[in-house]
1. What's the extension gain from ASN212 to LEU102 if we count 0.36 nm per residue and subtract their Cα-Cα distance?
2. Of [x] 23.6, 76; [y] 17.6, 49; [z] 19.7, 81, which is the value of Rg and Dmax of the Cα atoms in Å derived from the coordinates here?
3. Evaluate E = 1/(1 + (r/R0)^6) for TRP31 and VAL60, where r is the Cβ-Cβ distance and R0 equals 22 Å; express this FRET efficiency to the nearest 0.05.
4. How much mean residue ellipticity at 222 nm does the chain get from its helices, if each DSSP H run of length 4 or more adds -39500 (n - 2.57) and you divide by all residues, to the nearest 500 deg cm²/dmol?
5. Quick check: from the Cα gyration tensor, does the range 1-152 come out rounded (a/c under 1.5), prolate or oblate?
6. Rounded, prolate or oblate: which fits the range 1-85 when a ≥ b ≥ c are the square roots of the eigenvalues of the alpha-carbon gyration tensor, with rounded for a/c under 1.5 and prolate only if a/b beats b/c?
7. I want to make sure I understand the PRE zone here: with the label point 7 angstrom from the Cα of LEU188 toward its beta carbon, which residues in the range 91-120 have backbone N atoms less than 20 Å away?
8. On a 0 to 90° scale, report how tilted helix 229-238 is relative to the longest principal axis of the chain, with both axes built from alpha carbons and the result rounded to the nearest 10.
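Any read-out appearing in this document is the output of simple, stated calculations on the displayed coordinates, not a laboratory observation. Just so you know, these numbers come straight off a predicted model, no measurement behind them. Reconstructed Cβ throughout: ideal geometry from the backbone, glycine too, with neighbour counts over all protein chains shown.
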Amino acid sequence: MKTNLRRRLFSVLKHALMILVVITALYPIIWMMVSSLRPDGSIFSNPSPIPTTFHWQNYVYGWRALGAPFSRYLINSLIVVVAAIVGNLITCTMAAYAFARLKFKFQKPAFAFMLLTIMIPIHVVIVPQYIIWAQAGLVNTFWPLVIPKFLATDAFFIFLMVQFIRGLPKELDEAARIDGAGHGRIFLQILLPLMTPALATVTIFTFIWTWNDFFVQMIFLTDPKLYTVPIALRSFIDAQSSSSYGAMFAMSTISVLPLLLIFAFGQKYLIQGIATTGLK
């Protein structure tokens, strides 16, 4: 009797703590959405997440406050995100197959060096990268944001898919090789269809990280016509004598919706992909 009571009490406390953590984590997002419906003068004086006013003018004003429809910045971000996803899916999967299934000279040192690049902060390499792209005349274009994705520069995704491929039975490769299949056919027709959870995980992470990227995009994009969503949102404070926080929160709310949608529809593959790659 006492044991059951303790278990119930522990379960109640555990769920109460989890609910508190969720509320704490979601409060900034809820407050931002509610503040997007408040006049600028009452945003920071009211910390309540409960809406009391519905100032829809923030959305109307914010949509064209930067001299162009906000849809332009959404499209720019979408172009960069789609290109980054395609690049990572193509090159990272090929590199992962090479590390997981092929045997070549200096394979282990190359894999170790690839893993070491994960620990290098972007601030260390951004200056050399900028010099290279400037000498190539590609600064203020989308190319510096896209081309590296087609060169398998995201070591984390390579490692993730290497772990996934290593979990697939090698008997599949051997059976295909007996039927005369080469590495290309084994990769495209045997392994790739089985890598759906890992591919979905790479897609979701690439979407979120690229969509939210501010530092790299700010370095390479200076033309307002090429601004992506993070840079455009920053312009609500930079480009105006009096900052329009209501309009900025309104456009921030719109920019968060794609992230919520892709996570809502892809969370099953995301959890499955991480769980089956040894990242437990």
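1. Residue separation times 0.36 nm, minus the Cα-Cα distance, leaves 36.1 nm.
2. Correct label is [x].
3. Working from the Cβ atoms, E equals 0.55.
4. Taking each H run of at least 4 residues, the total per residue is -21500 deg cm²/dmol.
5. It is oblate, given that a/c is not under 1.5 and a/b is not larger than b/c.
6. Oblate, since a/c reaches 1.5 and b/c is not below a/b.
7. In the range 91-120, the label zone of LEU188 (backbone N under 20 Å from the point 7 Å along Cα→Cβ) covers 91-102.
8. Helix 229-238 sits roughly 30 degrees off the main axis of the chain.
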